[in-house]
Amino acid sequence: QAAIKPRLQEAVPATQAVGQYESVRQHTEPTHFESPQAFVETMLPMAQKAAEKLGLDPRYLVAQAALETGWGKSLPRDTQGRTSYNLFGIKAHGWKGDSVQAATSEYVAGKKVQEQAEFRQYASFAQSFDDYVAFLHNNPRYQNALQATDNPEHFVRELQRAGYATDPQYAKKISGIVQQIQDQQSMLAQSVQLTHRG
């Protein structure tokens, strides 16, 4: 497959599934997160909108984004250091929009190796969520996963089975992060209740 060169000033055609993108140069959305909690708070409203289109618990989308980006600390960036806003590690194969080249970990014959790959670049996190939904719907290999969204644990296992990621522990890791998010939300809810009682 020929390498796809970054086209930093070229807008994505309106025919693209996500629609007309603004220039990636003009967006100033914060991309630094002080804690996993800050990442969850930022991502959850966008995840809820995307999850409605999938019929999925939004916490699984936040957890997948957290796994792919190390809670937002490892977003693919272009040569000028600008973020790709790519939350789901979607590569640029066949992509007509902007792209960035970055290091990625893949599992080959059970061994973890570092590779360089081209990743899709977006103008915002919201567009990354939108494209993730379109990516699943437009790829027949994810049909089993899409049919399992009422059971999120089954959904992530089907994603892994379909080859979304090469990590053999991918689904298990997402489920573990969801548990972290649930525990965090429970603790926050309890602290709010205690504050109101006081």
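The values are calculated or read from the model by the stated rules, or taken from the named source; none is laboratory data. Quantities reported herein were computed from a predicted structural model and do not represent experimental measurements. We place every Cβ from the backbone using ideal geometry, glycine too, and count neighbours over all the protein chains shown. Ligands, DNA and RNA are stripped out before the accessible areas are found, and what is left, the full protein with its side chains, is counted by its heavy atoms. Shrake-Rupley method; radii C 1.70, N 1.55, O 1.52, S 1.80 Å.
A few notes on this one:
- When each of T149, T166 is tested for being of a type in the set (S, T, N, Q) and open to solvent by less than 50 Å² (accessible area, probe 1.4 Å), the lone residue that passes is T149.
- Flag if Y142 is aromatic (F, W, Y), in contact (Cβ under 8 Å) with a residue 12 or more places away in the chain, touching a helix residue (DSSP H, G or I) at 6+ places or on another chain (Cβ under 7 Å) and under 15 Å from A50 (Cα atoms): no
- Single unsatisfied condition, F129 versus (1) hydrophobic (A, V, I, L, M, F, W, C); (2) buried (at least 19 other Cβ atoms within 10 Å of the Cβ); (3) more than 17 Å from the chain's Cα centre (by Cα): (3)
- Some residue of the range 35-45 being in a loop (DSSP other than H, G, I, E, B), open to solvent by 50 Å² or more (accessible area, probe 1.4 Å) and at pLDDT below 95: no
- Of all residues in the range 68-94, those satisfying the criterion of being within 18 Å of L136 (Cα to Cα) and of a type in the set (A, V, I, L, M, F, W, C) are L87, F88, I90, A92.
- Just so you know, in the range 50-77 the residues that are surrounded by fewer than 18 Cβ atoms within 10 Å (Cβ to Cβ) and free of Cβ contacts under 8 Å to residues at least 12 places away in the same chain include one that is farthest from E34 (Cα to Cα), and it is E52.
- The single condition among (1) more than 26 Å from R161 (Cα to Cα); (2) among the aliphatic types (A, V, I, L, M); (3) surrounded by fewer than 22 Cβ atoms within 10 Å (Cβ to Cβ) that I90 does not meet is (1).
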